[in-house]
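The structure appears right after this line, and notes come after that.
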Amino acid sequence: MSMFSNYDQHLLDHVTKLHFIGCGGSGMFPLIQILAAKGYQISGSDVLDGSIIQAERAMGIRVTLGHDANNIVGADMVVYSAAIPKDNVELAAAESYGIPTVERSVLLGYVSRLYKSSICVAGTHGKTTTTAMITTALELAGRDPSAVIGGKLPLINGYGKAGMGDDIVVEACEYAETFLKLTPYLSVVLNIDNDHLDYYGSMGELKFAFKRFSLMTQFMIFANADDRNTMDVMFTIQRRVRTFGIQNGDYQAVNISEYRPGFYEFDLKEWDVTGLSGHIKLAVPGYHNIYNALAMCGVCRTMGLTVEQCAAALAEFKGVCRRFEVYGECNGAVVVDDYAHHPTEMRATLTTAKELGYKRLIAVHQPFTYSRTKMLLDDFADVLKLADVAVLTPILGSREPNDPTITSEKLAARIPGAVTVDSLDAAAAWVKENAREGDLVITLGCGDIYKAARKMVQ
């Protein structure tokens with residue numbers, strides 16, 4: 001039984017022309033690629049030019065810079081992202097002309113149903129990396145999948161692709177229940193952690209959303225056997241579940257070792273194979289990536305790939321942009337950028353960084369949203385103590401109004417030796433003045449902190 005209305009099921013039935021408001025966004029681009037490849041006529045608008053818009057123009061798509069009511073004339077449907085304000089001039093014009101409007105996540109759900117098998121990867125941490133690993137394996141195995149990824153995968157040079165195969169791999173985000181618009185054939189639940197509680201209000205509500213996501217899965221769920229919250233959900237549903245993990249699981253990593261500081265290899269033990277079925281060597285650092293690799297192996301083995309194909313893809317997979325991405329050097333110190341913005345992710349990233357054996361670890365963090373910083377203040381302070389020096393920029397409010405009761409200074413007061421700066425430029429200047437050979441500098445955050453990393457290595 002589908003949760004979708006009749007209108008939603010046949011969303012694109014009488015549509016030939018779609019207009020995308022905010023077409024320069026990384027979430028919009030893969031949808032535009034896929035629908036253009038399927039023969040739909042597409043136009044778009046955005047406020048700033050960029051590499052995505054240039055790529056869209058190269059595909060022959062008419063993109064207008066600036067929003068104007070005339071941009072939507074002739075469209076059968078208007079697509080907008082969650083970031084577009086309700087009073088946007090193009091949205092308002094569409095409403096007045098009676099043109100159906102649809103939010104990006106709803107369209108993504110419909111697009112995922114155009115494929116025989118949709119693989120939807122959910123979880124509080126590791127979604128982008130695991131989605132990219134599965135895409136890499138299917139791509140290298142010649143399956144030509146379509147993909148919608150929350151980060152840029154160098155192998156396909158983009159945030160997704162329009163493939164000719166029967167499979168689509170989708171990063172399924174739990175923020176504001178967007179993943180409940182999808183209909184997974186196979187789904188992955190990597191972990192369930194205390195994120196987005198500003199929206200859900202409690203861990204119970206967050207788990208309930210993951211339960212609903214899991215119940216929408218048509219064939220098989222792959223769940224992290226070592227994550228208690230995930231297993232709490234799995235024990236309450238009657239669905240086919242395969243587990244993965246290090247302590248236990250149907251797909252288990254055994255004989256784990258570090259082949260160089262921070263980089264792991266292991267033997268794969270599978271539920272239906274006697275003995276060990278293969279050896280995996282990861283080309284991305286971090287113990288947490290063992291879990292992401294196991295999830296990938298479970299999915300891809302179920303889809304008919306060999307262990308050798310999985311191992312070859314993981315040996316090839318060097319990561320996604322903004323996931324422990326090396327930018328260069330500053331005064332002989334290595335500068336790395338990472339998207340981690342929740343204490344659990346930051347702990348995984350900083351622990352990996354500590355294992356690499358540098359003399360000092362300097363963490364430059366841009367806190368994201370007042371509510372999260374306030375709610376998890378002690379957790380942020382504890383994790384930033386892992387660094388030898390923590391440098392904090394002002395909080396990036398994003399979609400929230402300014403809250404003067406929480407500041408980066410309040411966070412810094414809980415971290416011995418922490419430094420606060422008033423801008424990204426000031427963060428880069430501090431590093432240029434203080435970093436030295438043998439240091440590892442890591443910029444952390446999901447906002448625009450990577451710009452500071454760029455300035456450091458210039």
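When the helix-only estimate is applied to the chain (DSSP H runs of n ≥ 4, each -39,500 (n - 2.57), divided by the residue count), what is the mean residue ellipticity at 222 nm, nearest 500 deg cm²/dmol?
-9500 deg cm²/dmol
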Student exercise, the stretch 214-273 dipole from Lys, Arg, Asp, Glu Cβ charges, in Debye to nearest 20 | 240
Once amide H atoms are placed 1.01 Å from N in the peptide plane, what residues at a sequence separation of 5 or more from Val419, or on another chain, have their amide H within under 5 Å of its amide H?
-> Ala390, Val391, Leu392
Can you list the lysines whose alpha carbon sits under 26 Å from that of Lys410, skipping same-chain ones fewer than 8 residues off?
-> Lys354, Lys374, Lys385, Lys432, Lys451
Go through the stretch 179-261 and name the trypsin sites (Lys or Arg not before Pro) that are in a DSSP coil and have 14 or fewer other Cβ atoms within 10 Å of their Cβ.
-> Arg240
Mind grabbing the accessible area of Val326 for me, 1.4 Å probe, Å², rounded to tens?
-> 100
As a percent rounded to 5, the proportion of antiparallel DSSP bridges among beta bridges in the chain is 25
Residue by residue through the stretch 317-328, the couplings from Karplus 6.51 cos²θ - 1.76 cosθ + 1.60 with θ = phi - 60°, in Hz, x for Gly and Pro, are 6, 9, x, 10, 4, 6, 10, 6, 8, 7, 8, x
Given backbone amide H placed at 1.01 Å from N, residues whose amide H is under 5 Å from that of Thr64, ignoring those fewer than 5 places away on the same chain, are Gly44, Ser45, Asp46
Compute, for Asp49, the solvent-accessible surface of its heavy atoms (probe 1.4 Å) with the complete set of protein chains present, and express it in square angstrom to the nearest 10.
-> 80
Using θ = phi - 60° and the Karplus form 6.51 cos²θ - 1.76 cosθ + 1.60, what ³J(HN,Hα) does each residue of the stretch 329-335 get, whole Hz, x for Gly and Pro?
-> 10, 9, 6, x, 7, 7, 10
Hey, if you put +1 on the Cβ of every Lys and Arg and -1 on every Asp and Glu Cβ in the chain, which of Phe317, Gly447, His67 ends up farthest toward the positive end of that dipole?
-> Phe317
Between Asp422 and Ala92, with labels modelled 7 Å along Cα→Cβ, what's the label distance in nm to one decimal, could you check?
-> 3.7
Specify whether the C-alpha gyration tensor of the stretch 34-119 places it in the rounded, prolate or oblate class, a ≥ b ≥ c being the square roots of the eigenvalues: rounded for a/c under 1.5, otherwise prolate if a/b is larger than b/c and oblate if not.
-> oblate
For the chain, build the convex hull from the C-alpha positions and give me its volume per residue in Å³.
-> 145
Between Gly328 and residues 5 or more places away or on another chain, which pairs have amide H atoms under 5 Å apart, with H built 1.01 Å from N, and which residues are they?
-> Val335
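Find, among the trypsin sites (Lys or Arg not before Pro) in the stretch 372-422, those assigned to loop by DSSP (not H, G, I, E, B) with at most 16 other beta-carbon atoms within 10 angstrom. Can you show the working numbers first?
Details: sites: Arg372, Lys374, Lys385, Arg399, Lys410, Arg414; in loops: Lys385, Arg399, Arg414.
Answer in residue order: Lys385, Arg399, Arg414.
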Computed magnitude of the charge dipole of the chain (debye, nearest 20; Cβ of K, R +1, Cβ of D, E -1) | 420
What is the stretch 384-458's relative contact order, in percent, from Cα pairs under 8 angstrom and six or more apart in sequence?
-> 31
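The values are calculated or read from the model by the stated rules, or taken from the named source; none is laboratory data. These numbers come from a predicted model, not from an experiment. Don't worry about glycine lacking a Cβ; one is built from the backbone with ideal geometry, like all the others, and counts go over all protein chains shown. We work out accessible area using only protein heavy atoms, side chains counted, and drop any ligands, DNA or RNA first. Shrake-Rupley method; radii C 1.70, N 1.55, O 1.52, S 1.80 Å.
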